[in-house]
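In what follows, a single structure is set out as structure tokens and then discussed.
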Amino acid sequence: KLQQLPHDVIETLKVLSCFGQMNTSTIQLLDLGQFVPDMVESLEVAMKEGIVDKAGPIFAFSHDMLQESTYNLIPVEERKLLHVNIGRSLAQDVMVAQNAELCTLAVDQINIS
């Protein structure tokens with residue numbers, strides 16, 4: 001079912017799979033052009049397909065197996081690069097420097113790589 005989704009939706013789900021869950025403010029901090037044009041729109045498509053749930057501002061996979069399956073769609077050699085790109089994208093934003101939780105999130109993504 002995952003591989004039948006549009007390319008942008010799959011790419012967005014790959015980014016989400018690196019987090020497990022993500023709130024809309026974190027999505028807005030990511031350099032969207034680096035990943036996909038409109039992550040929120042792609043997550044809404046995934047929601048309609050039952051792959052992602054939304055509770056308030058938080059998007060999360062509807063089941064752990066979906067997160068794992070999506071993460072496994074990322075070739076092993078590309079995972080490290082994706083994590084470091086996510087971390088760097090977050091770290092470049094001034095808002096992250098002012099928020100300990102987001103700063104930790106950025107550092108965690110870089111450390112995973």
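Within region 26-60, if we keep just the residues that are open to solvent by 60 Å² or more (accessible area, probe 1.4 Å) and assigned to a helix (DSSP H, G or I), the residue that is modelled with the lowest pLDDT turns out to be 33.
For region 57-113, the set of residues classified as of a type in the set (Gly, Ala, Ser) and within 15 Å of residue 30 (Cα to Cα) consists of 87, 89, 91, 97, 106, listed by residue number. Is it fair to say residue 54 is basic (Lys, Arg) and over 17 Å from residue 109 (Cβ atoms)? Yes: the conditions hold for residue 54. When 90, 16 are checked against the criterion of being within 15 Å of residue 112 (Cα to Cα), of a type outside the set (Ser, Thr, Tyr), assigned to a helix (DSSP H, G or I) and at pLDDT below 85, a single residue qualifies: 90. Mind counting the residues in region 69-83 that are touching a residue at least 24 places away in the same chain (Cβ under 8 Å) and surrounded by fewer than 16 Cβ atoms within 10 Å (Cβ to Cβ)? So the answer is 3. Of the residues 77, 101, the single one that is under 19 Å from residue 10 (Cα atoms), part of a helix (DSSP H, G or I) and not hydrophobic (A, V, I, L, M, F, W, C) is 77.
The values are calculated or read from the model by the stated rules, or taken from the named source; none is laboratory data. Values in this document were obtained by computation on a predicted structure and should not be read as measured data. All Cβ positions, even for glycine, are placed from backbone atoms using ideal geometry, and neighbour counts span all protein chains on display. All accessible areas refer to the heavy atoms of the entire protein, side chains included, with ligands and DNA or RNA removed. Shrake-Rupley method; radii C 1.70, N 1.55, O 1.52, S 1.80 Å.
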